[in-house]
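Down below is the structure, laid out as structure tokens.
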Ligand SMILES: [Zn+2]
């Protein structure tokens, strides 16, 4: 291997100390003291590795390795350095530190590349403090919605205010944009069990899923739980249970589609009262928007039948749509070649979770490498990837960066 597996692992453990709790979980929310400590630690590591380092207007930490051709578009690599509340030490940081390890190896081997490589520690991907995520990558891609800067935390502090307090200049967010860009490559933990179940070290991401979030409201007729016989009831909870079973079944018929009911509220919500209404969320995702629409179209017919049979009314309201990002086919093929050359067991798979990379959709070709998550744990302290898998990922990233940045031999 070219990369230094121990150095990567030691850095992971060191960054994992910043914002850590006695139970082993880590909390590094945007513009907090821990966030600042992580930023300063990163600046130190990137500088020592030989990169030209700067922190942009919103707090992205960026290390640059200049290419030989100053006019050639840049190659971006990295991941986020924030965590969710009580998260783990691999989400985001593994990708960022693998990028650093890969580029440090390029520097140490005195290899020359044509394109400038940017190693980016993205600011606030998780959005756990302000409820608005991917701030850093949106700014670098040049697609930041300035409304996001007005998002408030639970104390009523806006992102803009918190950034200013942390020493950034959020009004200058447009200066963060990096352009022109040749491509982006991000390594991340899988956060699911596909690779672990199949005994595979790495994954090549086919694309980041498109997401539609709906609120479903079913209205029936409430009444006494004891006095009303089963026949003739208009119980929205029973209708909901059928609706949920149906959407689960319909999603399973598609190749990539996944459907999840994450919240349920019953009204009035008393044990001895038939509900008047129930409201619940539907998070439905797929690589292909067509799959989602096909699934929902079948649900329309099923829904009508449920409405008739139970005497209820079902309303579906779109709350949010997040565009997915197909990964670049030639880049996927290059990753496949590199993994095969290194005899690393791998497969292609979809990313159901969102990532910073999706903000480059339509801006530049993107690729993502997934590293196996043991038991699929993520966003919790049990999150773990083995040192061997981490090293495999960083080695592939190193070879990929040399290919994309145009190694000059
Ligand atoms: Zn992440």
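Of all residues in segment 261-292, which are under 19 Å from residue 319 (Cβ atoms) and exposed (fewer than 14 other Cβ atoms within 10 Å of the Cβ)? Passing the criteria: 262, 263, 264, 265. Output yes when any residue across segment 303-321 is within 16 Å of the ligand (Cβ to nearest atom) and touching a helix residue (DSSP H, G or I) at 6+ places or on another chain (Cβ under 7 Å), and no when none is. No: zero hits. Here residue 381 fulfils each of the conditions (1) within 18 Å of the chain's Cα centre (by Cα); (2) assigned to a helix (DSSP H, G or I); (3) under 24 Å from residue 12 (Cα atoms) apart from (2).
Exactly one residue out of 392, 333, 342 is surrounded by 22 or more Cβ atoms within 10 Å (Cβ to Cβ) and either within 16 Å of the ligand (Cβ to nearest atom) or modelled with pLDDT of 95 or more (or both), and it is 392.
Filtering segment 153-194 to residues that are out of contact with any helix residue (DSSP H, G or I) (no Cβ under 6 Å at 6 or more places or on another chain), away from the ligand (no atom under 16 Å from the Cβ) and closer than 28 Å to residue 328 by Cα leaves 174, 175, 177, 179, 180, 181, 182, 194. Among all positions in segment 282-299, there is no residue which is farther than 20 Å from residue 324 by Cα, within 26 Å of the chain's Cα centre (by Cα) and assigned to a strand (DSSP E or B). When the residues of segment 48-89 are filtered to those that are out of contact with any strand residue (DSSP E or B) (no Cβ under 8 Å at 6 or more places or on another chain) and farther than 20 Å from residue 11 by Cα, the one that is nearest to the ligand (Cβ to nearest atom) is 85. Of everything in segment 90-130 that is in a loop (DSSP other than H, G, I, E, B) and out of contact with any strand residue (DSSP E or B) (no Cβ under 8 Å at 6 or more places or on another chain), the residue that is farthest from residue 392 (Cα to Cα) is 129. Going by the structure shown, is residue 359 more than 28 Å from residue 109 (Cα to Cα), in contact with a helix residue (DSSP H, G or I) (Cβ under 9 Å, 6 or more places away or on another chain) and in a helix (DSSP H, G or I)? In short, yes. For segment 131-152, which residues satisfy the criterion of being within 16 Å of the ligand (Cβ to nearest atom), part of a loop (DSSP other than H, G, I, E, B) and in contact with a strand residue (DSSP E or B) (Cβ under 8 Å, 6 or more places away or on another chain)? Hit for segment 131-152 is 134, nothing else.
Entry remark, segment 345-356: residues being outside any strand (DSSP E or B) and either surrounded by fewer than 22 Cβ atoms within 10 Å (Cβ to Cβ) or touching a helix residue (DSSP H, G or I) at 6+ places or on another chain (Cβ under 7 Å) (or both) number 5 in total. Applying the criterion of being buried (at least 22 other Cβ atoms within 10 Å of the Cβ) and either within 15 Å of the chain's Cα centre (by Cα) or within 16 Å of the ligand (Cβ to nearest atom) (or both) to the residues of segment 205-238, the residue that is nearest to residue 99 (Cα to Cα) is 205.
Kindly evaluate residue 360 against the criterion of being within 15 Å of the ligand (Cβ to nearest atom), under 18 Å from the mean Cα position of the chain (by Cα) and surrounded by fewer than 24 Cβ atoms within 10 Å (Cβ to Cβ). Answer is no for this residue.
The values are calculated or read from the model by the stated rules, or taken from the named source; none is laboratory data. Treat the numbers as computed from the prediction; the structure is a model and nothing was measured. With ideal geometry, Cβ positions are generated from the backbone for all residues, glycine too; neighbour counts draw on all protein chains shown.
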